[in-house]
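Presented below is the structure to which this report refers.
The values are calculated or read from the model by the stated rules, or taken from the named source; none is laboratory data. A quick note: this is a predicted structure, and the numbers were derived from the prediction, not measured. Using ideal geometry, Cβ is built from the backbone for each residue, glycine included, and neighbour counts are taken over all protein chains shown.
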Amino acid sequence: MYQFNFEGAHMSDMKWTRRDMVKMGLFSVGAPTLGMGAMGAWAQGYDLGPGNYLVDVVGGGDNAQLYTGIPVEGGGQMEIRLNQSIYTDDPHEIQVAQRLEPFNPLSWYNEWKRVADINEEIAVGYEEAGLDVSARTYYARAFTFSRLAIVYQEDSDATMMPGYMKMREMFEKANPVGASNFERVTINVDGTNLDGFFRKPPGPGPHPAVIAYQGADSLMHSSIGGAGGFVSRGMAYLVVDLPGQGEAKRIHHLYMQPDTERYVSDLVDYLESRPDIDSDRIAIRGISMGGYSAPRAAASEPRLKAVACASASYSVLADLFDFYPPIRDRVRWIIGAESLESARRQLQDYHMGDVARNLECPMLVGYGPTDRIMDPEGALNLYNACVNSPRQMWADAGHPHHDEKSGGPVDLRLPTLQDWMGRALGAI
């Protein structure tokens with residue numbers, strides 16, 4: 001096998017393309033893209049398991065499929081989130097698909113609220129009849145639809161706080177204290193007590209733990225539902241609405257700063273205080289906008305032993321704000337900017353440039369070749385910049401669900417991130 005000699009060179013100075021590699025004779029035109037296995041032992045990561053035909057591919061976006069609209073600002077990307085496919089077996093989702101005015105924020109809110117109200121009414125009937133399990137089932141559906149109703153609301157929407165509080169109410173009724181499989185925790189984060197959710201495997205431990213760093217539209221009330229894939233592999237899971245997210249943003253009016261390690265270090269402190277957690281096996285995962293926040297935190301918090309990203313990002317300004325204009329007002333709200341112009345100025349500091357070389361733990365750099373929300377080239381830039389991390393690229397980790405909601409193909413979703421994290425923390 002051909003081995004690169006990287007002595008005296010940095011990956012940040014090398015942006016390999018398929019054409020470059022062909023010219024160098026590293027593989028033929030018809031050969032598959034060069035995987036990281038050819039880059040020497042320093043780049044070896046973890047075997048990501050069967051089925052990952054797009055794992056270990058180094059590259060960025062497939063611009064032929066991105067509908068970039070060059071030279072239109074932002075690549076001509078349009079709002080693709082406010083849509084619902086009819087290809088579902090859920091009768092209420094089908095109703096929304098039939099009634100929704102696509103890309104209309106008020107119609108989006110009203111139609112999801114309508115089916116949420118239907119399910120709440122059913123749940124109340126079961127509750128009054130003393131059938132608590134059935135009641136919680138339909139409160140859970142009311143929560144899911146309430147969450148969908150508010151997921152893309154802006155700070156200026158009149159429905160924002162009433163909708164958010166209804167979502168919380170449905171969550172608590174679906175997951176009453178004593179009948180839920182997670183703990184409610186309160187952690188002092190950057191000087192403010194913030195609520196969160198914690199779930200762990202059975203037994204006394206000490207268990208390895210994963211911190212969830214959420215994306216721009218994420219809420220801890222729905223994110224805790226993703227804990228099962230980690231808990232079943234022997235890892236505990238912690239999620240908190242951090243500044244710029246959910247409760248911290250809507251109730252405490254806390255906004256995201258570029259140095260996300262300031263929040264994550266407090267979460268690590270909390271996990272270290274728990275006797276059921278192994279303080280030497282704590283990692284972090286990031287999704288969507290968290291694809292910037294998680295590696296940023298891992299680069300400055302040495303107690304994190306691994307980091308995995310879906311829709312990884314090097315620069316929030318370049319990879320999200322400029323790439324996907326429909327999300328600009330949401331990003332403005334997340335960072336607490338008064339206008340889009342001031343948001344652009346503030347976002348100059350939201351990048352990995354000054355800390356990337358400090359990231360030394362294993363990293364899984366996920367991206368979607370045809371992602372229309374987060375620029376997949378940002379994942380390649382992150383990979384190139386983090387020269388001291390044993391890292392892998394994962395080319396099946398973008399935002400495919402938005403295409404699905406418009407009636408596109410449903411992608412097979414493999415448990416790659418959970419398996420990788422389990423091996424990185426010695427849980428598997």
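Observations
- The residues in region 269-283 that are assigned to a strand (DSSP E or B) and in contact with a Gly (Cβ under 9 Å, 6 or more places away or on another chain) can be counted, and the count is 3.
- Checked against the criterion of being touching an Asp or Glu at 6+ places or on another chain (Cβ under 9 Å), more than 24 Å from Ala216 (Cβ to Cβ) and assigned by TED's automatic domain parsing to the domain that holds Val355, region 396-407 has no qualifying residue.
- Number of the exception - Glu247 against (1) over 29 Å from Pro162 (Cα atoms); (2) in a helix (DSSP H, G or I): (1)
- Per the listing Ala216, Ala248, the residue uniquely within 25 Å of Ser315 (Cα to Cα), in contact with a Lys or Arg (Cβ under 6 Å, 6 or more places away or on another chain) and assigned by TED's automatic domain parsing to the domain that holds Ser313 is Ala216.
- Single match in Asn381, Asn388 (criterion: over 21 Å from Phe103 (Cα atoms), among the polar types (S, T, N, Q) and under 19 Å from the mean Cα position of the chain (by Cα)): Asn381
- Within this structure, Ala209 fails the test of being within 18 Å of Gly286 (Cβ to Cβ) and either part of a helix (DSSP H, G or I) or modelled with pLDDT under 95 (or both).
- For region 151-197, residues that are touching a residue at least 12 places away in the same chain (Cβ under 8 Å) and under 19 Å from Pro243 (Cβ atoms) total 18.
- Among residues of region 405-424 that are within 19 Å of Val365 (Cα to Cα), those with a Cβ under 7 angstrom from a residue that is among the aromatic types (Phe, Trp, Tyr), sequence gap 6+ or separate chain, pair up as Thr416/Trp394; Gln418/Phe230; Trp420/Tyr46; Met421/Phe230; Arg423/Tyr46; Ala424/Tyr46.
- Some residue of region 329-343 being under 29 Å from Pro415 (Cβ atoms) and of a type in the set (S, T, N, Q): no
- The sole residue among Ile334, Ile373 that is under 20 Å from Val151 (Cα atoms) and outside any helix (DSSP H, G or I) is Ile373.
- Test for Ala149: is it crowded, with 21+ Cβ neighbours inside 10 Å, in contact with a helix residue (DSSP H, G or I) (Cβ under 9 Å, 6 or more places away or on another chain) and either more than 15 Å from Met220 (Cα to Cα) or modelled with pLDDT under 95 (or both): yes
- Within region 115-139, the set of residues being surrounded by fewer than 18 Cβ atoms within 10 Å (Cβ to Cβ) and of a type outside the set (Asp, Glu) comprises Ile118, Ile122, Val124, Gly125, Tyr126, Ala129, Gly130, Leu131, Val133, Ser134, Thr137.
- Candidate set: region 121-145, residues that are without any contact (Cβ under 8 Å) to a residue 60 or more places away in the chain and in contact with a Phe, Trp or Tyr (Cβ under 7 Å, 6 or more places away or on another chain); chosen: the one farthest from Asn83 (Cα to Cα): Tyr126
- Candidates Glu120, Glu79: the one that is assigned to a helix (DSSP H, G or I) and outside the structural domain of Lys405 (by TED's automatic domain parsing) is Glu120.
- Residue that is surrounded by the most Cβ atoms within 10 Å (Cβ to Cβ) [pool: residues in region 280-312 that are touching a His at 6+ places or on another chain (Cβ under 9 Å) and farther than 15 Å from Glu360 by Cβ]: Tyr292
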